[in-house]
Every structure is written in C-alpha cells, then in structure tokens.
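Notes follow the structure.
Every number in this text was worked out from the coordinates using simple rules, so none of it is lab data. Keep in mind it's a predicted model, so treat the numbers as computed, not measured. Glycine also receives a Cβ, built like all others from the backbone with ideal geometry; neighbour counts cover every protein chain displayed.
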Amino acid sequence: MIRTSLILITLSLFHFITLSQQWGEYTLYSVQNSSTAQLIDTNGTTYHSWSFGSSAKTGYSSYLMPGGTIVRTVARQGNSFNGGAICGQVQKVDWDGNLLWNYVCSTTTYCSHHDIHPMPNGNVLLIVYELKSSAQVTQAGCQYSHTMWPDMILEVQPSGSTGGNIVWEWHAWDHLVQDYNSSKDNYGVVEDHPELLDINYNNTPQTKDWMHVNGIDYNEQLDQIVISSHFLNELYVIDHSTTTEEAAGHTGGNSGKGGDILYRWGNPAAYDASGSTIFHVVHDAHWIPAGYHHANYLVGFNNNGISFNQSSVDLISPPYDGYTYSLIPGSAYAPTTYSLRHACNGHTNSEGGCQQLPNGNTLVCISQSGLIYEIDSNNTLLWSKTISGNSSNARRYSRCYVEGTIPQSPEITQQNDTLFSSPGESYRWFFNGNLIPGATQSFLAPELNGNYQVAVTDENGCESELSPPYQFELTGINEPQINIRMLVYPVPTNGSITISEDILLEDLSEIMVFDQSGRMVVQVDPVRTLNLSSVDNGIYFLVARGINHSIYTAKIIIIR
C-alpha cells in the first residue's frame, strides 16, 4: 500500500516570541500564612480575591484552575512534624469562596508539606514526609542512629468534600544506596548507582528532614514527575507510568526502571560523580510545557545561583533518550552546566520560583522581598509588582483561562497516515512539544515518528490546552522502495506543473496527487506536464510510483 500522506516537514525549535510584549492578563499570588489570595491585573489592581478564614492559612502554594477554582495548601495545626512549609491539608475553593474539597494529609507518621501539583485528570500530587524510626534508619545503612523524614509522593483522587483515594505513590526510601555498612540494607558502590539516593550524603546526627523536597511538576507527554530537593541541591525525575508496586522496585513503567531515579541534575557530588555543583539551594522544579519556547527543558529556581545576594533561574536541556536519559557510566548527567540562565533582579534565601510563559517571557517571584516581575527573552523588564508579605510563588493566567472559556482540549484521530484534530476555528500543531511552523490546518500528514499534539482556537480567540500526546508511527509501504524527492516547477503553480528532467518517464508507472486529508484528486499515466486546472487552490502532494518500486514525491502549492 502506498502512503497517501507524504509531506516534508522541517522541524526546528520555533521561537514563538513577541519581544517586549506582556503575556496574559492576571497574576495570582497568595502570601504564606495569610487567609487570602489575590488575582491582580497588569496594572497591579486587584481583579478578584479569595478569603479562606483565619483557620485556613496558606501553607505554601496556590494554583488556579480554568474558571477560577483555587487549589491550595493549608498550614494545618497540631501535627507531629515541625519545620518550614509544613502543610498537612489541601483545599479546592471556587471563585465565590465555596469550599469544594478539604483533604487532610497529616498524622503522627506522615504529613504533606511545601508544593502540590494539580494534574490534568483532576487528581493532585502531594509531597509528603514519612516518619522512619532510628532502628529503620540504621537498618537502611545510615551511619547515624536517628529518626528521619524521607519524602514520598502521593497522587490523591478527590472523593466527596473531604475524602481522597491514594491512587499512586512513590517513596524515596525504596531507592537508597550506601557504602558504609555491608551488613545493612542497600549496600553497594554509590558511584555505580546514580539511580539511587545515598542515604549518608549530607546526613548528620541531627538530620531529620534529609531531602526537604519543595517543588513538584508533572510532564504529561513523558508521564514523569520532577521534584527539587533543597538540602541535596538536585532535581530528580521519576517515572509516573508505573504501578505503585513497580514504583517501589527497579523495573516496570515506560522507562523499564520502576521507581528508580531516571535523571538527576545540579549536584554530581550527591552520587559520587565529578562535576560542578550548580544548585545552591533549589526550589520550584518544573518542565517548560510543550508548545512553549524551549519546550521540555527542566527549570530550577537557584536561590544562591549567582551569589548569596542574587538568585538565578536556571534552564537545563536534558539528554532525552525516549523515556530515559542518556548517561555515560561513571560520569555526571549532562549538561555539565545550565543551558540558559536568568540572573534575577534580587535575592531570596528560601522559596522563590518562576513561570515560563507561552510567548517566551518569564514571570519571576523573589519571595522574601515580595517582588514579582515579568521579563522578555532579552531580559527586558516588562512588568513588576511588589507585594506585602512572602509569596512562595506567583502564576500568570490568560483572560480565557480565568473566565473558564478556553475550548476543550482537542482530540487527535488517525486515518491511514494522516492525523486529524477535533474542530476549531484555527489550529497549531506540535511535534515532541515544539511548534511545527506553518502547520495550521485541521489535519497533518507527518513524516516522522513521535509525539504529536494540537491546540485549537475558538471563535472568541481563546486557545485550548494542547491535546494529549498522540504517538504516531508511520505504517510505511508494504513493498521495497526508494523514496526520492521529485522536483516540480513552477512553485507555486497556477495548475500546470512540469516534472524535472532528471526523472525518467519510462521509470514511472503512475502519478497520483493527494490533498492534505489523504484523498486522491488526480491519477494519471506518466506525463512530463501535469494539468491540475480542475483542482482547487491549496497544498497537494504528488506521489509517483516507479516500475522498480521506487516512490517519488513532491509538494505542490496551487495559487491562481
């Protein structure tokens, strides 16, 4: 079978940037230990605010869902854990201040803390301390006998107004290594196991809060989670496609590595590798979303990145290898240093974060000084706001997002080797998270295997979130072939084209022309000049089959 969708796509990192132009209309922030959250416009004026009551003060972070519902952490009193950003409670509160969900994650043996991440499926990822006794710590191979609070990640599915089903979990405690005591658990050579955490690294007799994970994000394309560790100065990527049982082990999931660390970056010394320590207190681990400038880069807010007086935002381009990450044995994970860096307009010793925006701008939050500002890709200051109090982070949103008028995320379907989007007024297609320039039709004929996504815009100018990733694989041709790019001219044409002289007509058995949906519009015997005067204006694809099974292709643009 001859493929009916042969379009040559030139894929590149398309810099979709409008210089010196702000993005979005509203910024959300909530001051830590306050009972309110503010949504301000670009003039710094309060557009909307939420009041949660004196018993539900913000623990760390708040996020806005389409239509105006806030998902936030709450500083719960009375749990047995203490320290910075202890939360123990998560709430969903609608635009009018109605409490929709109030979930407590706090007992004498575990407690949520710091950041959360609302997932596309409506669930919420929580960072949670779990208590380990001194006996458990010693048996795990720690050189000190003391209690510890290693971190775990819980995915909670809201149930009713207060319930929650834990549908997935990951425990750092299941992925340890130590070279201190061969008679204890987890014994091995640390440098041979970068996929594991050395329980004795940066551990002291007083250490309970060993990792102090403070940021979490989810990558839907990869089905992976990234977290940031304050005390270990690293970002860690783990596989979310596992079952909970697989996440406790070393096999399974898309990566085949279970719950082991897939990628880590920022401090090679933590796994006995050579290289420079880049992170000096890190917060707000996240990916740059698909469809954005530098899509799928990892980002960390480096509190002391420039100096003890100036923070930085560091972007890292990981060495992706499908669902895993390339690593030369015995070396540190690439890159050797940050791929891009923004030297912040200030310093915060703790907390802090940033958000990369669709047009290439960045929103930065310098927590301890209360400064929130937006810069473009040239680091030009476009907007700033100084607030009273300490906001752990801030987020920018569009009018359509806040009003809840963004179109439903489209779906991709496949017919033969052509992809089709559900309806919209206009379309933008993406390959592996990067914009495909010029791909603005409701359908796409890919030439490469990989993940494809599409965003649609409605009649009000509101653009949807990207569709779920669609894994495309070419079906190919069921017979031997040599695919040769045929030259046709003129380009564009008014309907009459001539095949280049280097193609021998006697080698061709038939010529077919398809539209972008894969529908054949012309089929003729070999001729040097092909008349397409009866075909409407547009983009078409010529496919010529040779008697030796060669396939010749060309793209045709008809403009009259």
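From its DSSP helices (H runs of at least four residues, each -39,500 (n - 2.57)), the chain gives a residue-normalised ellipticity at 222 nm of -500 deg cm²/dmol. Send over the Kirkwood Rh of the chain, from the inverse of the averaged 1/r over different Cα pairs, rounded to one decimal Å. One decimal place: 25.9 Å for the Kirkwood radius. Our note on the geometry: Cα centres of the stretch 430-461 and the stretch 20-59, 34 Å apart. Okay, which of the stretch 113-147 sit inside 20 Å, backbone N to the point 7 Å along the Cα-Cβ direction of residue 183? Zone members listed by number: 134-146.
Gain on full extension, evaluated as 0.36 nm per residue between residue 308 and residue 47 minus their Cα-Cα distance, stands at 90.4 nm. Residue-wise HN-Hα couplings along the stretch 58-71, as the Karplus relation 6.51 cos²θ - 1.76 cosθ + 1.60 with θ = phi - 60° gives them from phi, are 4, x, 7, 10, 9, 10, 9, 9, x, x, x, 7, 9, 10 Hz; Gly and Pro carry x. Applying the Karplus relation 6.51 cos²θ - 1.76 cosθ + 1.60 with θ = phi - 60° to the stretch 247-258 yields 3J(HN,Hα) values of 5, 7, x, 10, 9, x, x, 4, 7, x, 10, x Hz, where x marks Gly and Pro.
Averaging the Cα positions of each part gives two centres, and for the stretch 106-173 and the stretch 267-318 these lie 24 Å apart.
Here each label is just a point 7 Å from Cα along the line to Cβ, and for residue 426 and residue 133 those points are 6.4 nm apart.
Each label point was placed 7 Å from the Cα along the Cα-to-Cβ direction; for residue 498 and residue 320 their separation is 4.4 nm. Our coupling estimate for the stretch 141-147, obtained by passing each phi through the Karplus curve with A = 6.51, B = -1.76, C = 1.60 and θ = phi - 60°, is x, 6, 6, 10, 9, 7, 6 Hz, Gly and Pro reported as x.
Listed as lacking a disulfide-compatible partner in the chain: 87, 105, 111, 142, 344, 354, 365, by the criterion of no other cysteine Cβ under 4.7 Å.
Distant-in-sequence amide contacts of residue 290, defined by a placed amide H-H separation under 5 Å and a gap of 5 or more residues or a different chain, comprise 296.
Applying 1/(1 + (r/R0)^6) with r as the Cβ-Cβ distance of residue 241 and residue 414 and R0 = 25 angstrom yields a FRET efficiency of 0.70.
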